1. Rank Gly281, Ala266, Gly195 by how far each Cα sits towards the positive end of the charge dipole of the stretch 193-291 (+1 on Lys, Arg Cβ; -1 on Asp, Glu Cβ) and give me just the farthest.
2. Compute the acute angle (0 to 90°) between the alpha-carbon long axis of helix 40-57 and the principal axis of greatest extent of the alpha-carbon atoms of the chain; round to the nearest 10°.
3. For Lys329, which lysines qualify as cross-link partners when the Cα separation must be under 26 Å and same-chain residues fewer than eight apart are set aside?
4. Mind checking the angle between helix 163-175 and the chain's longest principal axis? C-alpha axes, 0 to 90 degrees, to the nearest 10.
5. About its Cα centre, what dipole magnitude does the chain give when the only charges are +1 on Lys and Arg Cβ and -1 on Asp and Glu Cβ, stated in debye to the nearest 20?
6. Taking only DSSP H segments of four or more residues, each worth -39500 (n - 2.57), what value at 222 nm results for the chain once the sum is divided by all its residues, to the nearest 500 deg cm²/dmol?
7. How many angstrom lie between the C-alpha centres of the stretch 187-213 and the stretch 1-61?
8. Report the local net charge at Leu458: Lys and Arg +1, Asp and Glu -1, summed over other residues whose C-beta lies under 10 Å from its C-beta.
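Where a number appears in this text, it was derived from the coordinates with a stated rule and is not lab data. Just so it is clear, the model here is predicted, and its values are computed rather than measured. Cβ atoms come from the backbone with ideal geometry, glycine included; neighbour counts cover every protein chain shown.
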Amino acid sequence: MKPIYNMTGVIGAGAMGRGIAQICAQAGSIVKLMDAQPGSAEKAHAALCAQWDRLVEKGRLDAGVAADHKMRLQVAGRLDDLKDCDLIIEAIVERLDVKKALFSELEALVSPHTVLASNTSSLSVTAIAAGLRHPERLAGFHFFNPVPLMKVVEVIAGLKTGTNVCDALASYARQMGHTPVQAQDTPGFIVNHAGRGYGTEALRIVSEGVADFATLDRILRDQAGFKLGPFELMDLTGLDVSHPVMESIYQQYYGEARYRPSAITAQRLAGGLLGRKTGEGFYRYADGIAQIPAEPALPEVAEMPPVWVSPRASRRAELLQLLKNLEAKIETGQSPSPQALTLVAPLGFDITTVAVVERLDPARTVGIDMLIDDAATKRRVLATNPATRTDMRDAAHALFARDGKAVSVIRDSGGFVTQRVVATIVNIASDICQQGICSPKDLETAVTLGLGYPMGPLAMGDRYGPTNVLEVLFNMQTVYGDPRYRPSPWLRRRGAIGRSLTHEES
Ligand code: NAI
């Protein structure tokens, strides 16, 4: 198939430019790779050719095809060598002044039809194009690292970008085997914006002393199905990358509470605890392997107290069935007997508030997260309040572990860990839709491919129930009085009428 762009220039032969040059050459374009640093483009060229050779040796690439790729990939010594390109993709240093100067220089060389694209991850595409004679020809073309493996690319329209330019870039992305998603020019575009909920809310939970890093990671992996816990993920990315992204998006949105970064990562960054790359982050690494603290031991309980379940518990019928399966002595009276372990299962409220409002004895009250149906999760999460007696906490822990399922016990929090993190992710995603930054469909694709979440954030909201997610946020706002939990209108309206979050208004 003939590529949309016959000749593509790639400027910047670093981590990103190299990967972009590779997939452009594989898509059939002649690629001219240029770098300001003498020898860099040659080095990238040699590395890519060696990579194709290795694939041929392993029998995973036809020798003729590899020879064609190699023939198409060329090194350009000067900008002038790119003047015949139909498309030029820039992947140089992330500085507005340098990128603007480069595009101005290019505009004077290339034909009026040449498309200009920037791989910027955090600068405004509109600002990069400002000052060009033809700003309509410039778009954002944001790939992810490593480019050949991360199969999604954001095509970003600046305020003046022509629709035809974005459409052609999207078609080209498909020819490269990537999935394009189209975004408006807003801070963080789609993926870096949608990704703000996971880490920031987890950090906030830790900062309240609700649980430690390792417990949070376990809960979010086992209960919500994330491949990596937020702290494992930050260790992998490195705080030198993730903390500045958190700060940048927060600042670009003029201090919007939803994106507020954490003092925890600022301090760790300053202290050099960056993650895997420095051998210590939230975890310590020995020979590249995370040293994960052991889970607290299962308590021994000689005599199990009877259990009483609040009539206002969420998923109460399921909780009672679960207790039956665990062979608990269930009390059915209007109120708990003086011996009873008292279970509550709130959405968004803390256990203390529930005990007070329902006039329960806080010393015997323990909460369980019933946002998710029990059968669908690999871990149960219980929460105490400041008055909960140790024997009651241990009894609840031992009881819910009777069938061998993992149990975590956390301290009181407005919303359990999964409730807080899921509600925050869904709320930010809803706001992306509300602002019209992209279509709900592209949002789901971008997050699944770009962040590796178990499902798109809107599907996540539908999975847990838009009304439940809304309830978690409303109640958390009451508990914390913090505008970061203010529901986006997109979620508020759909949650209020029980409508799917992917539903677009006609
Ligand atoms: P890098 O530092 O690995 O490579 C940048 C290359 O550009 C260097 O080889 C440098 O010599 C060259 N360069 C700098 N100024 C130049 C100029 N004026 N003309 C020609 N060459 C120049 O950087 P990396 O990571 O490849 O990032 C490049 C761009 O891609 C940045 O805008 C970055 O924000 C963006 N990006 C980076 C991602 C990542 O994970 N590394 C992900 C997505 C986007």
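1. Gly195
2. Approximately 70 degrees, to the nearest ten.
3. Lys378, Lys405
4. The angle comes out at about 80 degrees.
5. Working: 54 positive and 55 negative charges, 70 e Å.
About 340 debye.
6. Values: 20 runs with 217 residues, N = 506.
Calculated at 222 nm, the ellipticity per residue is -13000 deg cm²/dmol.
7. The stretch 187-213 and the stretch 1-61 have Cα centres separated by 36 Å.
8. Details: positive: Lys441, Arg463, Arg494; negative: Glu444, Asp462.
That works out to +1.
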